[in-house]
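Visitor: Below is a structure I'd like to ask you about.
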Amino acid sequence: MTDAIAYSSKLRKINPQTKTWFALCTLFLCVFMHDIYVSIIVIAFMWSVIFYGCKIRAHELFHLIAIPVLFLIMSMAAIILNISGTPEKLLALPFFGKYITCSKESVYKGISTIITAFSAVSCMYFYALTTPLNDMIAVMQKLKISDVITELFMLIYRFIFMLLDIAEDIFTAQKCRLSEKNIKIYLKSTAILCSVLFIRAFKRADILYTAMESRGYDGRINTLKKKFEKNFKITVFAVFFDLFLIALYIWRK
Amino acid sequence: MHLIEVKNVEFSYDGKNKALKGVNLTIEKGEKIVFIGSNGSGKSTLFFCFNGINKPQKGEILFNGKKIDYSRKGLLELRKNVGIVFQEPDNQLFCADVFQEISFGLLNMGVCSEEAAEKVDNISKEMEINTFLDRPVHALSGGQKKQVAIADIAVMEPKLMILDEPASALDPKHKKIVRKLTDDIYKRNTTVIVSTHDMDYALSWADRCVVFDNGKIIADGKPEDILSDDNVISQANLEQPDVLKLYKNMLKSGIIKEKKVPKTISEIEKYITDSFQA
């Protein structure tokens, strides 16, 4: 789903190398500086860019951030709340002879941690929602990451959708023949689905190899590397944004 | 010199059942050939013999007068010249996006990247796929995938181009596009072989028709002769093209007089209007 949004995003045309470095650097800055103001600025910036650049609907947004936000809230609870014998002033609930309790410091720590974490998540969302996967692969190729990895990435990206499609088709075909009648039949047909998928994957791989050989495959997947437009203004802006974060951090110390 | 000469070729996938049982065939440069025959009659098996994927157990195949050299280098050279468009584009396309897909074969041929980029650019404009060049392959429709599958073979400019049931499972719009592409490729001095189950297309498009049945070639000649031969049609379990059925019935009932065998609906229309005017 993120890939579809990224594909129609206004920011897709921006050089993916710039976007990669910007997202990565900002992410590292957030994590290492662990500063609440820096993180808030990053969150505000990233999400305003996402809302400006991508047509994203409310329920899509909910689907996207529900899981990370849930995790963050759970971990925040774990950081803030303590079980100890001595009750703190802020909150203390009796719990089997001890207290579930939290102090001012632990609340502050919890909130700053969750905001930092959310800013890092925002950086990743910015990247995922503005850069389609095939641009990411192109960046990997540019960065001279080992061919094995980029080739694997490419093939997985292509075939994961195909596998999902086939699985869905088989599943529908099974449902049409009452595979959901009772739990026993359901489990049995799911098992058949899995084994059939496995066999089909092997067959596909075999035919694909023939197809690649027919086009002169010699052990390496040679494809043209995409040329990206350089956009000086945006690069400069990205650098200044990160420098500004560093400056803010130093000033606050 | 023949472009391809097949001499008494036998081939079996599993060593028991023969998929090809002694095939003899010569193909000349600039021919426009259609292969017909039921599923599993050996058409695709023979195609993969042409580009060296299948190595016949008996008999030999000559390309440009030379026996096929099954060494790595020889095969690479052969596959430059014999391009096959697969029936199922999902089996042929494997790259993340269309641009990379089309460049794959070119770079394997040893074309330098600048030239390859130019060729990809040209072919995508020519085949009108430049609007989705940067799209991931899984996001394309079936017809678009087929166009890409044809483009990424055509870009290699092979001497012989084989299209395995190119119009199967396509909507009328894309069928039309694919047929136009086939004609365009033929016009660029490429020998074209198409396998099809569409008898009317076989009749109207091809100069030569080769009929397969059960691993053998049972007829070879002009499509209008072969497709009006009831013996061949029934032996290969095929069906006569509608145009020929109509033509024969009209001859029988005396509505039109015997003329050159029509190849298309519009030709037969003309015969009818002519006879009414007369």
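Visitor: Of all the helices (runs of 4 or more DSSP H) wholly in segment B:181-278, which have at least 2 residues that are over 30 Å from B:Asn122 (Cβ atoms) and not assigned by TED's automatic domain parsing to the domain that holds B:Asn64?
Guide: By residue number, B:242-252, B:265-277.
Visitor: Answer with yes or no whether B:Asp152 is within 13 Å of chain A (Cβ to nearest Cβ) and over 24 Å from B:Ile4 (Cβ atoms).
Guide: Here the answer is no, as B:Asp152 does not meet what is asked.
Visitor: Residue under question is B:Ile153, and the condition is that it be touching a Gly at 6+ places or on another chain (Cβ under 9 Å) and crowded, with 22+ Cβ neighbours inside 10 Å; does it hold?
Guide: Numbers: touching a Gly at 6+ places or on another chain (Cβ under 9 Å): yes; crowded, with 22+ Cβ neighbours inside 10 Å: yes.
Yes; evaluated as a whole, the condition is true for this residue.
Matching residues to (1) touching a Lys or Arg at 6+ places or on another chain (Cβ under 8 Å); (2) open to solvent by less than 90 Å² (accessible area, probe 1.4 Å); (3) closer than 28 Å to A:Lys19 by Cβ:
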| position | (1), (2), (3) |
| --- | --- |
| A:Ile43 | no, yes, yes |
| A:Ile56 | no, yes, yes |
| A:Leu64 | no, yes, yes |
| A:Pro68 | no, yes, yes |
| A:Ile83 | yes, no, no |
| A:Phe95 | no, yes, no |
| A:Ile100 | no, yes, no |
| A:Tyr108 | no, no, no |
| A:Ser112 | no, yes, yes |
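Visitor: Considering (1) within 18 Å of the chain's Cα centre (by Cα); (2) more than 8 Å from chain A (Cβ to nearest Cβ); (3) within 30 Å of B:Asn231 (Cβ to Cβ), say which one B:Gly59 fails and leave the rest.
Guide: So B:Gly59 meets the others, but not (1).
Visitor: Need the failing condition index for B:Glu101 against (1) under 17 Å from B:Gln144 (Cα atoms); (2) out of contact with any helix residue (DSSP H, G or I) (no Cβ under 7 Å at 6 or more places or on another chain); (3) at the interface with chain A (Cβ under 9 Å from one of its Cβ atoms), just the number.
Guide: If we test B:Glu101 against (1) under 17 Å from B:Gln144 (Cα atoms); (2) out of contact with any helix residue (DSSP H, G or I) (no Cβ under 7 Å at 6 or more places or on another chain); (3) at the interface with chain A (Cβ under 9 Å from one of its Cβ atoms), just (2) comes out false.
Visitor: Still on this structure, please answer the following. I'd like the full set of residues that are away from chain B (no Cβ under 11 Å), assigned to a helix (DSSP H, G or I) and among the aliphatic types (A, V, I, L, M), limited to segment A:135-165.
Guide: Selection gives A:Val139, A:Val148, A:Ile149, A:Leu152.
Visitor: Kindly evaluate A:Ser119 against the criterion of being hydroxyl-bearing (Ser, Thr, Tyr), open to solvent by less than 40 Å² (accessible area, probe 1.4 Å) and touching a residue at least 40 places away in the same chain (Cβ under 8 Å).
Guide: Working: hydroxyl-bearing (Ser, Thr, Tyr): yes; open to solvent by less than 40 Å² (accessible area, probe 1.4 Å): yes; touching a residue at least 40 places away in the same chain (Cβ under 8 Å): yes.
Yes: the conditions hold for A:Ser119.
Visitor: Do you know which residues across segment A:175-184 are in a helix (DSSP H, G or I) and under 26 Å from A:Phe202 (Cβ atoms)?
Guide: Once the filter is applied, which keeps residues that are in a helix (DSSP H, G or I) and under 26 Å from A:Phe202 (Cβ atoms), segment A:175-184 yields A:Lys175, A:Cys176.
Visitor: Another one. Note down all Cβ pairs under 8 Å where the first residue falls in segment B:128-155 and is more than 22 Å from B:Lys80 (Cβ to Cβ), the second is open to solvent by 10 Å² or more (accessible area, probe 1.4 Å) and among the small types (Gly, Ala, Ser), and they're at least six residues apart or on different chains.
Guide: So the pair list comes out as B:Ala139/A:Ala4; B:Gly142/B:Ala169.
Visitor: Criterion first (touching a residue at least 60 places away in the same chain (Cβ under 8 Å), closer than 30 Å to A:Lys230 by Cβ and not in a helix (DSSP H, G or I)) does A:Ile41 satisfy it?
Guide: No.
Visitor: Name the one entry in A:Ser75, A:Ser9, A:Ser39 that is within 14 Å of another protein chain (Cβ to nearest Cβ) and touching a Ser or Thr at 6+ places or on another chain (Cβ under 9 Å).
Guide: Selected residue: A:Ser9, the only one of A:Ser75, A:Ser9, A:Ser39 that is within 14 Å of another protein chain (Cβ to nearest Cβ) and touching a Ser or Thr at 6+ places or on another chain (Cβ under 9 Å).
Visitor: So A:Tyr157 clears everything in (1) assigned by TED's automatic domain parsing to the domain that holds A:Leu208; (2) open to solvent by 20 Å² or more (accessible area, probe 1.4 Å); (3) at pLDDT 85 or above except one condition, right? Which one?
Guide: (2)
Visitor: Separate question: Could you please let me know if A:Thr172 is in a helix (DSSP H, G or I), of a type in the set (S, T, N, Q) and surrounded by 15 or more Cβ atoms within 10 Å (Cβ to Cβ)?
Guide: For A:Thr172, the condition - in a helix (DSSP H, G or I), of a type in the set (S, T, N, Q) and surrounded by 15 or more Cβ atoms within 10 Å (Cβ to Cβ) - is not met.
Visitor: Here's another thing I want to ask about it. Six or more apart or on different chains, Cβ atoms under 6 Å: show the pairs whose first residue is in segment A:155-174 and of a type in the set (Phe, Trp, Tyr) and whose second is in a helix (DSSP H, G or I).
Guide: Pairs found: A:Tyr157/A:Leu133; A:Phe161/B:His138.
Visitor: Counting only residues that are part of a helix (DSSP H, G or I), of a type outside the set (D, E, K, R) and either farther than 12 Å from A:Met124 by Cα or open to solvent by 20 Å² or more (accessible area, probe 1.4 Å) (or both), how many does segment A:1-21 have?
Guide: We begin by selecting, within segment A:1-21, every residue part of a helix (DSSP H, G or I); these are A:2-8, A:10-13, A:16-21.
Remaining after also requiring of a type outside the set (D, E, K, R): A:2, A:4-8, A:11, A:16-18, A:20-21.
If we keep only those that are either farther than 12 Å from A:Met124 by Cα or open to solvent by 20 Å² or more (accessible area, probe 1.4 Å) (or both) as well, we get A:2, A:4-8, A:11, A:16-18, A:21.
Residues meeting the conditions: 11.
Visitor: With B:Lys29, B:Lys16 as the choices, which residue is assigned to a loop (DSSP other than H, G, I, E, B), in contact with a strand residue (DSSP E or B) (Cβ under 8 Å, 6 or more places away or on another chain) and open to solvent by 50 Å² or more (accessible area, probe 1.4 Å)?
Guide: Only one candidate passes the filter, namely B:Lys29.
Visitor: Considering only segment B:79-94, state which residues are more than 15 Å from B:Ser44 (Cα to Cα), at the interface with another protein chain (Cβ under 8 Å from one of its Cβ atoms) and assigned to a helix (DSSP H, G or I).
Guide: Result: B:Arg79, B:Lys80, B:Asp90.
Visitor: While we're on this one: Run A:Arg204 past the list (1) basic (Lys, Arg); (2) open to solvent by 100 Å² or more (accessible area, probe 1.4 Å); (3) touching a residue at least 40 places away in the same chain (Cβ under 8 Å); (4) in a helix (DSSP H, G or I) and report the number of the one that doesn't hold.
Guide: The one condition A:Arg204 does not meet is (2).
The values are calculated or read from the model by the stated rules, or taken from the named source; none is laboratory data. Because the structure is a prediction, the values reported are computed rather than measured. Glycine gets a Cβ as well: all are built from the backbone with ideal geometry, and neighbour counts include every protein chain shown. We work out accessible area using only protein heavy atoms, side chains counted, and drop any ligands, DNA or RNA first. Shrake-Rupley method; radii C 1.70, N 1.55, O 1.52, S 1.80 Å.
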